[in-house]
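Reading through the structure tokens given below for one structure.
The values are calculated or read from the model by the stated rules, or taken from the named source; none is laboratory data. Note that the structure is predicted; figures quoted are calculated from it, not measured. For neighbour counting, all protein chains shown are included, and Cβ atoms are generated from backbone atoms with ideal geometry for every residue, glycine included. With ligands, DNA and RNA removed, areas are computed over all heavy atoms of the protein, side chains included. Shrake-Rupley method; radii C 1.70, N 1.55, O 1.52, S 1.80 Å.
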Amino acid sequence: MKINGGRCRIRALGGSRRARWWRRMAQKKYLQAKLTQFLREDRIQLWKPPYTDENKEGGLALKDLAKKYSDRLECCENEVEKIIEEIRCKAIERGTGNENYKTTGIATIEVFLPPRLRKDRKNLLETRLHITGRELRSKAVRDGFRKHHSLNTHEQKMVWSNPLLWAPPRRPQKNC
């Protein structure tokens with residue numbers, strides 16, 4: 001039954017664009033989590049040969065891996081290969097950051113800003129790890145977050161892997 005050029009049928013099956021986007025993102029995160037689990041179970045290290053060559057490019061063994069896991073997940077092989085490549089690139093990026101920290105003592109921290117203040121999903125901040133929270137907050141403001149965002153050091157809330165490090169003091173509410 002086509003009404004208005006098929007719009008009703010599409011709306012009934014797919015919902016809004018935003019809903020389809022959320023479902024696609026949820027499916028991608030699910031596949032990424034399952035693939036990460038499979039890689040850990042099989043003790044596969046994507047940043048090492050035969051999955052990565054000396055130029056940090058993906059090897060031919062990734063296609064075999066994608067075939068194996070796509071059969072297990074009953075999913076499209078191309079999609080699985082793309083997600084495995086994303087996982088591999090992220091692992092190489094982390095490994096490079098770890099090597100950089102070992103040689104220079106400077107770590108790269110991903111800073112996530114609230115949606116109302118951010119243009120990018122995450123911002124990178126390079127710093128030594130032997131500093132106080134106050135120094136880290138002022139460094140974040142000094143290193144450019146302030147010019148893009150209206151963020152002062154007294155307004156920042158810091159969360160480190162879920163535990164709260166520092167939050168701005170709450171103003172007492174007046175009961176009338």
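Here are some notes:
- Boolean, Glu57 is acidic (Asp, Glu), closer than 30 Å to Leu124 by Cβ and open to solvent by 60 Å² or more (accessible area, probe 1.4 Å): yes
- Flag if Lys139 is at pLDDT 75 or above, open to solvent by 40 Å² or more (accessible area, probe 1.4 Å), more than 21 Å from the chain's Cα centre (by Cα) and not assigned by the TED database to the domain that holds Glu57: yes
- Of all residues in the range 55-90, exactly one satisfies the criterion of being more than 23 Å from Met25 (Cβ to Cβ), of a type in the set (A, V, I, L, M, F, W, C) and outside any helix (DSSP H, G or I), namely Leu60.
- In the set Glu77, Glu54, only one residue is over 24 Å from the mean Cα position of the chain (by Cα) and in the same structural domain as Lys34 (by the TED database); that residue is Glu54.
- Search result, residues across the range 38-56 that are more than 15 Å from Lys90 (Cα to Cα) and in contact (Cβ under 8 Å) with a residue 12 or more places away in the chain: Phe38
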